[in-house]
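These notes are about the structure you will find just below.
The values are calculated or read from the model by the stated rules, or taken from the named source; none is laboratory data. Fair warning: this is a prediction, and the values are worked out from it, not measured in the lab. We place every Cβ from the backbone using ideal geometry, glycine too, and count neighbours over all the protein chains shown. The accessibility values were calculated without ligands, DNA or RNA, using every heavy atom of the protein model including side chains. Shrake-Rupley method; radii C 1.70, N 1.55, O 1.52, S 1.80 Å.
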Amino acid sequence: MPTLLNPIMMREIIMDHYNNPNNKITPTNVDEYKTIRMDSTSCIDDITIYLKAKNNLIEDVKFDGVACTICTSSTDIMCDLVKGKNFDEANKIINEYFNMIYEKPYDEETLDEAVVFQNTYKQAARIKCATLGWNGLKELMNGDEKDGKKD
């Protein structure tokens, strides 16, 4: 997905993932997933990330909870990007995303639709929203499963 997207198209992608998220659901077989709850003191964001992995391969990732537009849409896009990837591939995607968010050089090809958050750095208050789900997945892949709040 090229970064030459116009602001209207970028907003449409964000709103589509907010209004019709593919991955926002608590799995029925939740006991097969590692979970971590992530929340923010600066926004309404309070989500649980669900990771189902075997031999460092992401079989499924979902999330559920209450979250703002940026958190919901960025987490939904993240879920789409990492499914079927091994942990090394998923970490590369996450690292490229963080590079983009923090204004460092990044590979836009790796990020696909996630490039719609390329201007998040201009709204510092939204960085936490745009990275909450991504940080949760990274922690789960590192074995930091938690049932309590994570800020």
In whole Hz, what ³J(HN,Hα) sequence does segment 65-79 give by Karplus (6.51, -1.76, 1.60; θ = phi - 60°), x for Gly and Pro?
-> x, 10, 7, 6, 4, 5, 5, 4, 5, 5, 5, 5, 4, 4, 4
Kindly identify segment 40-90 as rounded, prolate or oblate by the Cα gyration tensor criterion: order the square roots of the eigenvalues as a ≥ b ≥ c, call it rounded if a/c is under 1.5, otherwise compare a/b with b/c, prolate if a/b is larger, else oblate.
-> prolate
Projecting the Cα atoms of PRO7, THR72, THR41 onto the charge dipole of the chain, where Lys and Arg contribute +1 and Asp and Glu -1 at Cβ, the residue farthest towards the positive end is THR41
Taking Cα atoms, how many degrees apart are the long axis of helix 124-141 and the longest axis of the chain, rounded to 10 and kept between 0 and 90?
-> 30 degrees
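Given a 1.4 Å probe, how much area per residue of the chain is accessible, in Å²? Walk me through the numbers on the way to the answer.
Details: 7650 Å² over 151 residues.
Value for the chain: 51 Å² per residue.
Run the accessible area of the chain with a 1.4 Å probe and give the carbon-and-sulfur part as a rounded percent.
The nonpolar share, carbon plus sulfur, comes to 46 percent.
What chymotrypsin sites (Phe, Trp or Tyr not before Pro) in segment 43-151 are in a loop by DSSP, with at most 16 other Cβ atoms within 10 Å of the Cβ? Each step should come with its number before you reach the end.
Values: sites: TYR50, PHE63, PHE87, TYR97, PHE98, TYR102, TYR106, PHE117, TYR121, TRP134; in loops: TYR102, TYR106.
When the chymotrypsin sites (Phe, Trp or Tyr not before Pro) of segment 43-151 are filtered for loop state and at most 16 Cβ neighbours within 10 Å, TYR102 remain.
Between GLU12 and GLU32, what length comes free when the chain is fully extended (0.36 nm per residue of separation minus the Cα-Cα distance, one decimal in nm)? Intermediate results must be reported in sequence, preceding the final value.
Numbers: separation 20, 0.36 × 20 = 7.20 nm, distance 3.38 nm.
Between GLU12 and GLU32, full extension yields 3.8 nm more.
Determine the shape class of the chain: with a ≥ b ≥ c the square roots of the Cα gyration tensor eigenvalues, call it rounded for a/c under 1.5, and otherwise prolate if a/b is greater than b/c, oblate otherwise. Could the numbers behind the result be given before it?
On the way: a/c = 1.60, a/b = 1.34, b/c = 1.20.
Prolate is the answer for the chain, as a/c is 1.5 or above and a/b outweighs b/c.
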Which links in LYS83/LYS128; LYS34/LYS122; LYS52/LYS122; LYS62/LYS92 stretch past 28 Å when you go from one Cα to the other?
-> LYS34/LYS122; LYS52/LYS122
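How much mean residue ellipticity at 222 nm does the chain get from its helices, if each DSSP H run of length 4 or more adds -39500 (n - 2.57) and you divide by all residues, to the nearest 500 deg cm²/dmol?
So the helix-based figure for the chain works out to -13500 deg cm²/dmol.
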